[in-house]
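**Student:** Just dropping this structure here.
The values are calculated or read from the model by the stated rules, or taken from the named source; none is laboratory data. Predicted model only: the values in this text are computed from it and were never measured. Please note: Cβ atoms are built from the backbone with ideal geometry, for glycine as well, and neighbour counts cover all protein chains shown. Calculation scope for accessible area: heavy atoms of the full protein, side chains included, ligands and nucleic acids excluded. Shrake-Rupley method; radii C 1.70, N 1.55, O 1.52, S 1.80 Å.
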Amino acid sequence: QVQLVESGGGLVQAGGSLRLSCAASGNIFSINTMGWYRRAPGRQRDLVATITSGGSTNYADSVKGRFTISRDNPKNTVYLQMNSLKPEDTAVYYCRSEVILSPTQVSYNYWGQGTQVTVSS
């Protein structure tokens with residue numbers, strides 16, 4: 001079994017910053033792509049950013065230049081630094097990891113429980 005534990009959400013004023021963390025633990029051989037998604041009220045879950053094991057990143061247009069995704073491979077942790085936050089960034093943020101399980105080496109996608117980010121105007 002693998003667990004993803006998120007932290008770092010909260011309430012912040014527009015223009016402020018938050019840093020989200022997501023740590024994976026369990027029967028992990030390795031992790032391929034890690035990412036962050038968000039679900040705003042009344043909307044589907046959307047991609048925010050992803051990062052490969054080699055460090056290649058991809059961002060939604062709405063967050064480019066404001067958010068930065070990074071990871072610490074030995075710690076199996078992914079981060080999302082969010083700057084210049086806007087009220088429209090308000091959502092529940094979920095991390096996702098493509099885990100290669102040990103010892104089977106089967107690939108499976110795991111999701112975190114979600115953390116609320118609220119940006120006030």
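**Student:** Looking only at residues that are farther than 17 Å from N32 by Cα and open to solvent by 60 Å² or more (accessible area, probe 1.4 Å) in segment 56-68, which one is nearest to the chain's Cα centre (by Cα)?
**Tutor:** T68
**Student:** Could you please tell me which pairs satisfy a Cβ distance under 8 Å, a separation of 6+ or placement on different chains, a first residue in segment 102-118 that is in a strand (DSSP E or B), and a second residue that is open to solvent by 80 Å² or more (accessible area, probe 1.4 Å) and at pLDDT 95 or above?
**Tutor:** Y110/Q3; T118/L11
**Student:** Looking at G16, G55, G8, which one is touching a strand residue (DSSP E or B) at 6+ places or on another chain (Cβ under 6 Å) and at pLDDT 95 or above?
**Tutor:** Numbers: G16 fails: touching a strand residue (DSSP E or B) at 6+ places or on another chain (Cβ under 6 Å); G55 fails: touching a strand residue (DSSP E or B) at 6+ places or on another chain (Cβ under 6 Å).
Selected residue: G8, the only one of G16, G55, G8 that is touching a strand residue (DSSP E or B) at 6+ places or on another chain (Cβ under 6 Å) and at pLDDT 95 or above.
**Student:** Another question, then. What is the one condition in (1) free of Cβ contacts under 8 Å to residues at least 24 places away in the same chain; (2) of a type in the set (K, R); (3) surrounded by 13 or more Cβ atoms within 10 Å (Cβ to Cβ) that R71 does not satisfy?
**Tutor:** The failed condition is (1).
**Student:** What pairs can you find where one residue is in segment 40-63 and closer than 12 Å to Y93 by Cα, the other is open to solvent by 80 Å² or more (accessible area, probe 1.4 Å) and acidic (D, E), and their Cβ atoms are less than 9 Å apart, with a gap of 6+ or different chains?
**Tutor:** Within 9 Å, the pairs are A40/E88.
**Student:** Given the condition assigned to a loop (DSSP other than H, G, I, E, B) and basic (K, R), answer yes or no: does some residue in segment 39-50 qualify?
**Tutor:** So the first thing to find is which residues in segment 39-50 are assigned to a loop (DSSP other than H, G, I, E, B), and the list is 40-44.
Narrowing the set further to residues that are basic (K, R) leaves 43.
Among the residues of segment 39-50, at least one is assigned to a loop (DSSP other than H, G, I, E, B) and basic (K, R), which makes the answer yes.
**Student:** Take the residues of segment 87-117 that are in contact with a helix residue (DSSP H, G or I) (Cβ under 9 Å, 6 or more places away or on another chain) and more than 19 Å from N58 (Cα to Cα): which is surrounded by the most Cβ atoms within 10 Å (Cβ to Cβ)? So that I can check it myself, show each step before the final result.
**Tutor:** Step one: filter segment 87-117 for residues in contact with a helix residue (DSSP H, G or I) (Cβ under 9 Å, 6 or more places away or on another chain), giving 88-89, 117.
Cutting the leftovers down to more than 19 Å from N58 (Cα to Cα) gives us 88, 117.
Values: E88: 11, V117: 22.
Restricting to residues being in contact with a helix residue (DSSP H, G or I) (Cβ under 9 Å, 6 or more places away or on another chain) and more than 19 Å from N58 (Cα to Cα), the top hit is V117.
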